[in-house]
Amino acid sequence: PFEEYEASDIYPGTKLARESRGSKAKGLFNGQKVGIAGTPRMPMYEISSLVESCKGTLSHYRCDFLIVARNASWSEMDEMESKKCSRVTEKWFFDSIAHWKQQPIPPNSEIVKAMG
């Protein structure tokens, strides 16, 4: 019954996201740690819920992906990153969920712009 209400023409990942709800289904982050530096546009509890629904873990230490939001500082980011951490924007995070596929990592110029 959900299929007729999905906006899969706008958000191609909706069907994949719905079908991946089972405990053995593949998630978008599959146990990877996602951190947030700065002040995100969305409340933290909602971001946490999204990360968990993508089978990831919201973390403040040694992140695999660090979402850089406005007012993020370089020292805050350095504290949270692991050696293999990818700095990403909020747009990257939401686009990845919308398409149910990790999008290409944005260039540093986009990261600096997101901090402003």
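The values are calculated or read from the model by the stated rules, or taken from the named source; none is laboratory data. Predicted, not measured: the structure shown is a model, and the values here were computed from it. Here the Cβ positions follow ideal geometry from the backbone for every residue, glycine too, while neighbour counts run over all protein chains shown.
A few points about this structure:
- Qualifying residue in segment 21-38 (condition: at pLDDT below 60 and surrounded by 13 or more Cβ atoms within 10 Å (Cβ to Cβ)): no
- From the options 111, 67, 97, residue that is surrounded by 15 or more Cβ atoms within 10 Å (Cβ to Cβ) and in contact (Cβ under 8 Å) with a residue 60 or more places away in the chain: 97
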